[in-house]
Amino acid sequence: MNVRAVDDIMREVCGLFYGFDTPPQSAFSCGQTTDSAEESLLIRDKHKEEQIMKRNEMMKKLGVAAVAGVLCIGLLSTAVFVQKTKKVPAEPGSEAEDSDGSGISIEYASMFDIEYLENDVKLITDGDGNQRLLVPRDGEIPKGYEDVVVIRTPVEKVLYCSATEVSSLEAIGGSALYDSVVGVSAPVEDWTIPEIIEGMENGTIAYVVQNDQTAANIEEVAELDPDLVMMSGGQPGAETLGAQLDEVGIPYIIDSEWMEETNEGYMEWLKLFGALYNMDQEAADVFEAKLARIDELKAMTAEIPEEERPVVAIGSFYDGVVYTQGCESSTAERIAEAGGVYALDDLAGDGSMQISMEEFLDKAKDADIMIYTSVITYSPDKAYLEAQEPLVTEFKAFQDDNVFVYAKDYYMSGADADEKFEDLVAIIHPELMEGYEFQHMIRLPDAAE
């Protein structure tokens, strides 16, 4: 099987596309407290085990053992659009309240937490339940926290093991924050951020191989002398690297943004990155602005009558199998929020599904729009799709030139969930977005130029 094809398929089956379903979330809450250190460790270990089991189960669904090394090479994340659900607000004076009076809190995300202490010190609980103390470079470690791993802020040298993490930097602090990137785990040809490409080409940013199954070479990491290593959890590779980093005393944070069940929760990870750079308020402002834009777009489509809502099919296919989403998934809900009707409205399921091409044709043949869940780099034109699966020519959307794919920067734009939703609204209801230019989606041409 072609590696690139497997890469695309795995992202779809695992529901790790931006705007698509994520695996069921663990019951573990990163902000919870326990009665004892032993209980805390048991919960954290169970959380890690659940993450690994989820990914292994997803790979079993494919029946392709070889994809283990392909999955999660720094392109994992999600942004599903569902109804907002806030955490219960903290009572004044409670431990959960921001002690510095900043007013910044974590309202939607369940996979990390930030507690604001005195003197601009912050206590972070990451996606694996690890606690990290963020202390200003000229600040003192507060009493009672001597045993917590310390990260001096603002961070100046970071190894990022996920492209989606890097894409959050410009959103909160502009391109100047790219100067803090000393290493990444995606090769230069996969990047679309000019500053990262330039840094990799001139040697100021190192390419460090770190993926689902393979841990980065600890000597290469140590040579970078990073203030921090950011990496996704629930992977054997991350487990191994984490243990090695502990041994050499390099701090790391586990990023589990991809496990958030809501768009709000996913985007709220911007606040964690803001905390690392002492740009907490800037990150909070960006987060609120993105939520407001999404709400504005939803309001534009909310009153569109059923008969004026185009039918939208979504999925990708390989070797006669279509990888799509069930009718109870957040994908279907997202399409509805953008003013469309999900073509597979009788396909029971609340997440990723596999069906035959014949069944997909039967259910989605007359759909007005098809979103083919692949990047333009790997699926460059309609001729390519036809060569992959001749039955695609029988779809109305294919005949009407209404097939859309992801732009190359789609997975490098983790912070741009609002722009991706704009794209979806423009695809489904172009009359509402006159003069709009797609930012992260592309109408598939007949033949690549």
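Could you please find all residues in region 112-171 being among the small types (G, A, S) and over 30 Å from W191 (Cα atoms)? Result: G129, G139, G144. Here the condition is being assigned by TED's automatic domain parsing to the domain that holds S316 and closer than 19 Å to I442 by Cβ; of E358, E394, E386, it holds for E386 alone. Elements of the type helices (runs of 4 or more DSSP H) sitting completely within region 330-449 and holding at least 3 residues that are within 23 Å of the chain's Cα centre (by Cα): these cover 330-337, 417-428.
Tallying residues that are without any contact (Cβ under 8 Å) to a residue 24 or more places away in the chain, closer than 24 Å to A383 by Cβ and in contact with a strand residue (DSSP E or B) (Cβ under 9 Å, 6 or more places away or on another chain) within region 408-449 yields 1.
This table checks each residue for (1) surrounded by 20 or more Cβ atoms within 10 Å (Cβ to Cβ); (2) basic (K, R); (3) over 27 Å from G129 (Cα atoms); (4) not assigned by TED's automatic domain parsing to the domain that holds T164.
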{"site": "E247", "(1), (2), (3), (4)": "no, no, no, no"}
{"site": "M259", "(1), (2), (3), (4)": "yes, no, no, no"}
{"site": "M267", "(1), (2), (3), (4)": "yes, no, no, no"}
{"site": "E282", "(1), (2), (3), (4)": "no, no, no, yes"}
{"site": "L291", "(1), (2), (3), (4)": "no, no, no, yes"}
{"site": "V322", "(1), (2), (3), (4)": "yes, no, yes, yes"}
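Being assigned by TED's automatic domain parsing to the domain that holds D113 and more than 16 Å from the chain's Cα centre (by Cα): is that true of V229 here? So V229 passes the test. Being over 21 Å from S180 (Cβ atoms), at pLDDT 95 or above and not aromatic (F, W, Y) is a description that applies to A299. Here G339 meets each of (1) farther than 25 Å from S168 by Cβ; (2) in contact (Cβ under 8 Å) with a residue 12 or more places away in the chain; (3) out of contact with any His (no Cβ under 6 Å at 6 or more places or on another chain) with one exception, condition (3).
With respect to P142, is the statement that it is assigned to a loop (DSSP other than H, G, I, E, B) and at pLDDT 95 or above true? Spelling it out, P142 is indeed assigned to a loop (DSSP other than H, G, I, E, B) and at pLDDT 95 or above.
Tell me, yes or no, whether region 187-205 has at least one residue that is closer than 17 Å to L169 by Cβ and in a strand (DSSP E or B). Checking region 187-205: not a single residue is closer than 17 Å to L169 by Cβ and in a strand (DSSP E or B).
Restricted to region 342-362, and to residues there that are of a type outside the set (S, T, N, Q) and in contact (Cβ under 8 Å) with a residue 40 or more places away in the chain, the residue that is surrounded by the most Cβ atoms within 10 Å (Cβ to Cβ) is F360. Within region 293-320, the set of residues being of a type in the set (D, E) and either assigned by TED's automatic domain parsing to the domain that holds Y160 or within 30 Å of F395 (Cα to Cα) (or both) comprises E303, E306, E307, E308, D319. Of all residues in region 389-423, those satisfying the criterion of being among the polar types (S, T, N, Q) and either touching a Leu at 6+ places or on another chain (Cβ under 6 Å) or surrounded by 16 or more Cβ atoms within 10 Å (Cβ to Cβ) (or both) are N402, S413.
Can you say whether I106 is outside any helix (DSSP H, G or I), among the β-branched types (V, I, T), within 21 Å of M259 (Cβ to Cβ) and under 19 Å from the mean Cα position of the chain (by Cα), as far as the supplied structure shows? The answer is yes for I106. Among the residues of region 208-222, at least one is over 30 Å from P136 (Cβ atoms), part of a helix (DSSP H, G or I) and modelled with pLDDT of 85 or more. Against the list (1) surrounded by 16 or more Cβ atoms within 10 Å (Cβ to Cβ); (2) modelled with pLDDT of 95 or more; (3) among the hydrophobic types (A, V, I, L, M, F, W, C), the condition I197 fails is (1).
The values are calculated or read from the model by the stated rules, or taken from the named source; none is laboratory data. Note that the structure is predicted; figures quoted are calculated from it, not measured. Because the Cβ atoms are built from the backbone with ideal geometry, glycine has one as well, and the counts that use them run over all protein chains shown.
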